[in-house]
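Visitor: Structure provided below as structure tokens; questions to follow.
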Amino acid sequence: MVKIHVKRGDDSRFLFDATCSVSLDQLTIQLVRLHNGMLKVARVCQEIELLADHGVLLPPQMQGLTDEQISELHLVDEWADKCVPSGGSVDHDDPIGRRNGIAPNDKMKEVLRRTVSEAKAAISKDLVTANVCMTEATIKDALDKLRGAVTIVYPMNLPPHDPIRLEFEGNEDLTGTQASKEVLDEATAQMWWAGKELTRDKTLGDFIGKNEKTKIIAKLQKKGQGAPGREPVLSEEEKKQMMLHAYRRQEELKKLEAAEDDHHLNSEWSDPQSLKKQFTGLSNISWRPK
């Protein structure tokens, strides 16, 4: 299997196994789905952490308002009594006014946080270093565990406007958000390798050859963004090792230079005439009176 190290720009994302005969159209769609799926898991994890701290999301018309403003406008959160965390709740106001401040108790918080930690580990970039490939089953399993944890804490479900529920139902609206800039379109996304666009009408083997043990670095791009930057000749770790080697070599040269002292030439043992002087009795002559 060809091992593909997928990147988005210079950002390492995940590993994926493919065959040389796979259609690039099919492969690009698979990689984009994995990329978008990992982003989805990350978004849900972020929102669940906020859910654990500050409770469910307020209705859109109440977000960002103070208690006085809500009272003056006669606004009511009809979901506050319906979406109550199991096991009791604690008050913890949301400083930005997005969530209702009715947070789960410590035991339920731990359920949410532990599941979030496991989901983050399942999509971690460290898996690339560990040589573990990403699959759609991994992403599905992470989302299922997150959904299960939320159901345990909120058995009556979340409000229909809560982003966690929208993500689980596939109805999330990312329009105008930073997250929308990261999501790729399956139909138009492009894959690049070695400065070349891997066009969808060919197979992977048409570009990299027929060696199934090849490892390549492929980059995903939005259509129209042009070619991504090429990979550096040396990795950061290799650069560090070269700089370390150069520093050690420099220190060695300094020590050698300091050792190039010729004062020993005045020593008796270094005199080339010492043997002759011994035979002629001239080795211990003093010109001063003893």
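The values are calculated or read from the model by the stated rules, or taken from the named source; none is laboratory data. Worth saying up front: this structure is predicted, and the values here are computed from it rather than measured. Quick reminder, even Gly has a Cβ in these numbers, built from the backbone with ideal geometry, and neighbours come from all protein chains shown. SASA here: full protein model, heavy atoms, side chains in, ligands and nucleic acids out. Shrake-Rupley method; radii C 1.70, N 1.55, O 1.52, S 1.80 Å.
Visitor: Per residue, how much accessible surface does the chain expose to a 1.4 Å probe? Answer in Å², no decimals.
Guide: Working: 18290 Å² over 290 residues.
Dividing the accessible area of the chain by its residue count gives 63 Å².
Visitor: Roughly what percent of Cα-Cα pairs across the range 115-198 reach past 19 Å? Show your work: numbers first, answer last.
Guide: Working: 2046 of 3486 pairs.
Percent of Cα pairs beyond 19 Å in the range 115-198: 59.
Visitor: Once you put a point 7 Å from the Cα of Ala194 and another 7 Å from the Cα of Asp81, both along the Cβ direction, what distance in nm separates them?
Guide: Going from the Ala194 label point to the Asp81 one covers 6.8 nm.
Visitor: For the range 58-209, with all protein chains present and a 1.4 Å probe, just round the carbon and sulfur fraction of the accessible area to a whole percent. Present the calculation step by step, with values, prior to reporting the outcome.
Guide: Values: 4590 of 8780 Å².
Using a 1.4 Å probe with all protein chains present, the range 58-209 comes out at 52 percent carbon and sulfur.
Visitor: Given the rule -39500 (n - 2.57) for each run of at least 4 DSSP H residues, summed and divided by the residues of the chain, what is its mean residue ellipticity at 222 nm, to the nearest 500 deg cm²/dmol?
Guide: Working: 10 runs with 123 residues, N = 290.
Only helices count here, giving -13500 deg cm²/dmol.
Visitor: Provide the net charge surrounding Asp126, with neighbours chosen by a C-beta distance below 13 Å and charges set as Lys +1, Arg +1, Asp -1, Glu -1. Could the numbers behind the result be given before it?
Guide: Values: positive: Arg13, Lys120, Lys125; negative: none.
With Lys, Arg at +1 and Asp, Glu at -1, the net is +3.
Visitor: Here's another thing I want to ask about it. Given the Cα-Cα distance of Glu186 and Lys215 and 0.36 nm per residue of separation, how much length would full extension add, in nm?
Guide: 8.1 nm
Visitor: Using only Cα atoms, locate the centre of the range 150-228 and the centre of the range 91-127, then give the distance between them in Å, rounded to an integer.
Guide: If we compute the Cα centre of each part, the gap is 25 Å.
Visitor: Residues with amide H under 5 Å of Arg99's amide H, sequence separation 5 or more or different chain, H placed in the peptide plane at 1.01 Å from N; which?
Guide: Under 5 Å from the amide H of Arg99: Leu58, Asp94.
Visitor: All other residues with a Cβ under 12 Å from the Cβ of His92 taken together, and with Lys, Arg as +1 and Asp, Glu as -1, what is their net charge?
Guide: Working: positive: Arg99, Lys109; negative: Asp53, Asp91, Asp93, Asp94, Asp106.
Residues near His92 contribute -3 overall.
Visitor: How many nm separate the modelled label positions at Asp17 and Cys133, each set 7 Å beyond the Cα in the direction of the Cβ?
Guide: 0.4
Visitor: Using θ = phi - 60° and the Karplus form 6.51 cos²θ - 1.76 cosθ + 1.60, what ³J(HN,Hα) does each residue of the range 177-194 get, whole Hz, x for Gly and Pro?
Guide: Karplus-based 3J(HN,Hα) across the range 177-194 equals 9, 5, 4, 5, 6, 8, 6, 10, 8, 4, 6, 10, 4, 10, 10, 10, 8, 6 Hz.
Visitor: For the range 100-253, taking Cα atoms only, what is the radius of gyration to one decimal and the Dmax to the nearest whole Å?
Guide: Calculated on Cα positions, Rg and Dmax stand at 22.4, 73 Å.
Visitor: If amide H atoms are built 1.01 Å from N in the plane of the peptide, which residues on other chains or at least 5 residues away come under 5 Å of the amide H of Val90?
Guide: Ala103, Asn105
Visitor: Still on this structure, I have one more. For the range 86-163, what is one quarter of the convex hull surface built on the Cα atoms, given in nm²?
Guide: Details: hull surface 26.2 nm².
Seen from a random direction, the Cα hull of the range 86-163 projects 6.6 nm² on average.
Visitor: Using the alpha carbons of the range 187-230, what is the convex hull volume per residue in cubic angstrom, as a whole number? Before the final figure, lay out each step's value.
Guide: Numbers: hull volume 3.3 nm³, N = 44.
Dividing the Cα hull volume of the range 187-230 by its residues yields 74 Å³.
Visitor: OK, next. Go from 0 up to the bin containing the longest alpha carbon distance in the range 1-124, width 5 Å each, and give me the % of pairs per bin.
Guide: 2, 9, 15, 15, 13, 10, 9, 9, 7, 6, 3, 1, 1, 0
Visitor: Under a 5 Å amide H to amide H cut-off, with H placed in plane at 1.01 Å, what residues pair with Phe14 once short-range neighbours are removed?
Guide: Counting only residues 5 or more places away or on other chains, the set is Val6.
Visitor: For a test of understanding, tell me how many lysine pairs in the range 34-181 have Cα atoms under 14 Å apart, given they are 8 or more places apart or on different chains.
Guide: Details: Lys40/Lys120; Lys40/Lys140; Lys40/Lys145; Lys40/Lys181; Lys120/Lys140; Lys120/Lys145.
Qualifying lysine pairs in the range 34-181: 6.
Visitor: So, one more: How large is the Kirkwood hydrodynamic radius of the range 52-100, counting all unique pairs of alpha carbons, in Å?
Guide: Details: mean 1/r = 0.0875 Å⁻¹.
Across the range 52-100, the inverse of the average 1/r is 11.4 Å.
Visitor: So how compact is the chain: Cα radius of gyration and Dmax in angstrom?
Guide: Computed over the Cα atoms of the chain, radius of gyration and Dmax are 34.1, 122 Å.
Visitor: Here is a further query. Mind checking the angle between helix 106-122 and the chain's longest principal axis? C-alpha axes, 0 to 90 degrees, to the nearest 10.
Guide: That helix lies at roughly 60 degrees to the long axis.
Visitor: Right, next: Magnitude of the Cβ-charge dipole of the range 46-139, K/R +1 and D/E -1, about the Cα centre, nearest 20 debye?
Guide: Values: 9 positive and 17 negative charges, 106 e Å.
My answer is approximately 520 debye.
Visitor: Around Thr199, with a cut-off of 15 angstrom between Cβ atoms, what is the net charge of the other residues, counting Lys and Arg +1 and Asp and Glu -1? Intermediate values should be presented prior to the final figure.
Guide: Details: positive: Lys196, Arg200, Lys202, Lys219, Lys223; negative: Asp25, Glu197, Asp201, Asp206.
Result for the local shell: +1.
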